[in-house]
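The values are calculated or read from the model by the stated rules, or taken from the named source; none is laboratory data. Just so it is clear, the structure is predicted and the values come from calculations on it, not from any experiment. No Cβ is skipped: glycine too gets one built from the backbone with ideal geometry, and neighbour counts run over all protein chains shown. With ligands, DNA and RNA removed, areas are computed over all heavy atoms of the protein, side chains included. Shrake-Rupley method; radii C 1.70, N 1.55, O 1.52, S 1.80 Å.
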Amino acid sequence: MLPTIAWDLDEIVMIDQRKLPGQEIYVRCRTAKDVAKAITTMVIRGAPAIGVAAAMGIAAGMKRSKATGTRQFTVEFNQTCDMLAATRPTAVNLFWAVARMKRSFGAGALAGESAAELAGRLRREADAIHDEDVAACRAIGDAGATVVPAGARILTHCNAGALATAGYGTALGVIRSASAQGKVAHVFADETRPFLQGARLTAWELVNDGIPTTVITDSMAGLLLRDQKIDLVVVGADRIAANGDVANKVGTYTLAMLAHAHQIPLYVAAPCSTIDLDTSDGSGIPIEERSAKEVTHVGGTQVVPDGATVWNPAFDVTPHRLIAGIITEHGMIRPPYVESLRSMARGAQA
Ligand code: MRU
C-alpha cells in the first residue's frame, strides 16, 4: 500500500489524488503554504488525511522559520495555524489537528523552550498524529468487521480509504478487516460525482487489494439496494455532531434515506478526531461549496451549457436517526448518540 503522506527529510511527499488512477505522481511540499495549497486543490483530501497534512505542514513550516526570537516564532506559528485552518471548512479533523499542535506549542512555550526545541516538538506531535491515525483506522476496521456478515455485499460512497487517512482507511478499513477474515463477497462503490472519489480512488484501492469491486453511478444506488442483496452500507464522516448527525460527502444523505427505505443498515466509520461535541446538531456544520467547474466539466470536457448556473455543495448531513451505528477506534457507538458519544468522549479522555 502506497503511503498517502510521508516525510522525506524535512519535506512532505503526498500522492497526487487528482491524478489517480491514471498516474501515480507525487507532490513535494517544502512549506506550510505548499501544504495549504495541496489541501485546497485536493492533492490530498479526506477528513483524517487533511488533519494529518495540516499538522505536518505546521511542523514543516516552523522548521524552516527564520524567526530570530521565540516571540517572532510564536507570531509566525499562529499565522501558519490560521492559514492551514482556512483551507477547508467541513472536516473537523483539520481544526482538531491544528488545536492539538497549538496545545503542544503552548506547553513548550510555557516550559521556556527555544525556537529550535519548539520546532522539534511540533515535528514529534505531527508524527504522533500521523501514527495514531493509522492505529485508529486499524482499530475501526476490527470493530467494524464484527457487524459484517459472512459473504457480505457492501456499498460504500466517496473514498474513506487509505488515501483519505494516514493509512488503512475508515470505511475501507472495515472492508479491509472483514475481507481479511474472508467475509467480503463483493463491494460496490458509488462513483461520487462530481470529483469521482469512489470511481477513481475507492475502486483503485480495492482493486489493488484484490477485493471484488463494482463501480456504479450515484443514481443507480436505489436499484442496487432494492435488487442486489446488499447487506450493509458503510461510509466515512467529515464531522459528527454531538447528537450523531453526520456530515459526509454529498450523496450520503440520499444513500441513508434509500438504505432506510430498504431496511439495510448504514454504518459510519470514523476516528474520534471526527467527533465535534461543540456542535450540537447537523444544522451547525459548515458545508463547503466548491467551484462550479467541478460540475460543468468532466475530465476537462464541458458537459453543462454556458448560461446554466451550478450548485456544488461538497457535503450533506445525514440525520442520526438513519445511522445504525458509528464505528470508532473505541468500538461501536449505538443510539441514543447524545449519550453514547458523550460517554465515549469521556472514556477516550480518561
Ligand atoms: O471532499 P473530500 O474528498 O475531502 O471528502 C471526503 C469524504 O467525504 C470522506 O468520506 C470523509 O472525509 C471521510 S474520509 C475517512
**Report entry** Residues satisfying the stated conditions in region 89-118, i.e. aliphatic (A, V, I, L, M) and part of a loop (DSSP other than H, G, I, E, B)
**Finding:** Ala91, Ala111
Requested in this report: State which residue is farthest from the ligand (Cβ to nearest atom) when the search covers only region 286-330 and only residues that are crowded, with 20+ Cβ neighbours inside 10 Å and part of a strand (DSSP E or B).
Outcome: Gly325
Query raised in the report: Under 8 Å by Cβ, and 6 or more places apart or on different chains, what pairs join a residue from region 187-198 that is under 18 Å from Leu225 (Cβ atoms) with one that is within 12 Å of the ligand (Cβ to nearest atom) and hydroxyl-bearing (Ser, Thr, Tyr)?
Result: Val187/Thr156; Phe188/Thr156; Ala189/Thr156; Ala189/Thr202; Asp190/Thr156; Thr192/Thr202; Gly198/Thr156; Gly198/Thr192
Query raised in the report: Quick one: which of Gly210, Gly244 is surrounded by 23 or more Cβ atoms within 10 Å (Cβ to Cβ), in a loop (DSSP other than H, G, I, E, B) and away from the ligand (no atom under 14 Å from the Cβ)?
Result: Gly244
Requested in this report: Can you confirm whether region 59-80 contains a residue that is closer than 25 Å to Ala314 by Cβ, within 27 Å of the chain's Cα centre (by Cα) and either modelled with pLDDT of 95 or more or not assigned by TED's automatic domain parsing to the domain that holds Thr214 (or both)?
Outcome: yes
Query raised in the report: Does Ala180 qualify as being assigned by TED's automatic domain parsing to the domain that holds Ser273, crowded, with 24+ Cβ neighbours inside 10 Å and either more than 13 Å from the ligand (Cβ to nearest atom) or under 17 Å from the mean Cα position of the chain (by Cα) (or both)?
Result: no
Query - Residue among Ala145, Ala171 that is under 18 Å from the mean Cα position of the chain (by Cα), open to solvent by less than 10 Å² (accessible area, probe 1.4 Å) and among the hydrophobic types (A, V, I, L, M, F, W, C) - result: Ala171
**Report entry** Options Gly151, Gly144, Gly106: the member that is on the phi > 0 side of the Ramachandran plot and out of contact with any Leu (no Cβ under 6 Å at 6 or more places or on another chain)
**Finding:** Gly151
Requested in this report: Identify all residues within region 247-263 that are in contact with a helix residue (DSSP H, G or I) (Cβ under 8 Å, 6 or more places away or on another chain) and open to solvent by less than 40 Å² (accessible area, probe 1.4 Å); write none if there are none.
Outcome: Ala247, Lys249, Gly251, Leu255, Ala256, Ala259
